[in-house]
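Accompanying notes for the structure given below.
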Amino acid sequence: MEMASGDSVSEIVIKFKCLRDNDIQSFLHDKAALLNRKGKSKTHLILDQEALENGSVDIVAYFSLAIQLLRIPEGTSVTQIRQLDGLYSRKGGEQITEIPSFLIGQLAKNDVYSSRISGSLILEYALSVISTAEEMVGGRVVYVECRDIPQVIWFYEKNGFKIFRRDPDDGLIQMCCIIGK
């Protein structure tokens, strides 16, 4: 989210509304710019082209990406670990317990534009950015963490993600997708 100044960014993001999930709205309003500056994640804005042509910057949707370690819980099968890692299930004689992964931390659309863009298209944009990173530096696993809401889980499953586990710390469902082959 590289823009002219902090003030102009604030003026733009404050127009983003997601009333059904305050966490999505507050992430963009309050956290995204700081996380970008600190190199913790990068938030990508999808803008309204027509509004841009008319001199206005309106956010249609956004997604945030980060590199995170996907923790492998004790009891995960050797086959599943090998599928995630791509080669091994053990390193230095010990079972692999973490795999560097791409995390889609946020995926959201502005209420004003909700009928003009699909969640699948936003996810496609996010995976395109990840694919570019994967081509340059490698990587294999993409994951999301979502609430245990059937509609949300179905959305990710229809887009190629599979349930991996429930995070014991926060109860979120972790879903993975393999991109690097």
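The values are calculated or read from the model by the stated rules, or taken from the named source; none is laboratory data. Predicted model only: the values in this text are computed from it and were never measured. Counting neighbours? That spans all protein chains shown, and the Cβs are built from the backbone with ideal geometry, glycine included.
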Q | Filtered residues of region 92-132 (kept if among the small types (Gly, Ala, Ser), closer than 21 Å to residue 29 by Cβ and either touching a Cys at 6+ places or on another chain (Cβ under 9 Å) or outside any helix (DSSP H, G or I) (or both)) | A | 105, 108, 114
Q: Working carefully through the options 32, 66, find the one that is in contact with a Leu (Cβ under 8 Å, 6 or more places away or on another chain), among the aliphatic types (A, V, I, L, M) and either modelled with pLDDT of 95 or more or closer than 23 Å to residue 172 by Cα (or both).
A: 66
Q | Matching residues, region 31-82, being over 21 Å from residue 14 (Cα atoms) and in a strand (DSSP E or B) | A | 66, 67, 68, 69, 70, 71
Q: Considering every residue within region 133-140, establish whether at least one is assigned to a loop (DSSP other than H, G, I, E, B) and exposed (fewer than 15 other Cβ atoms within 10 Å of the Cβ).
A: yes
Q: From (1) at positive phi; (2) in contact (Cβ under 8 Å) with a residue 12 or more places away in the chain, pick out the condition that doesn't hold for residue 55.
A: (2)
(Q) Cβ-Cβ distance below 6 Å, separation of 6 or more or different chains: which pairs start in region 153-169 with a residue that is among the basic types (Lys, Arg) and end on one that is surrounded by fewer than 16 Cβ atoms within 10 Å (Cβ to Cβ)? (A) 165/73
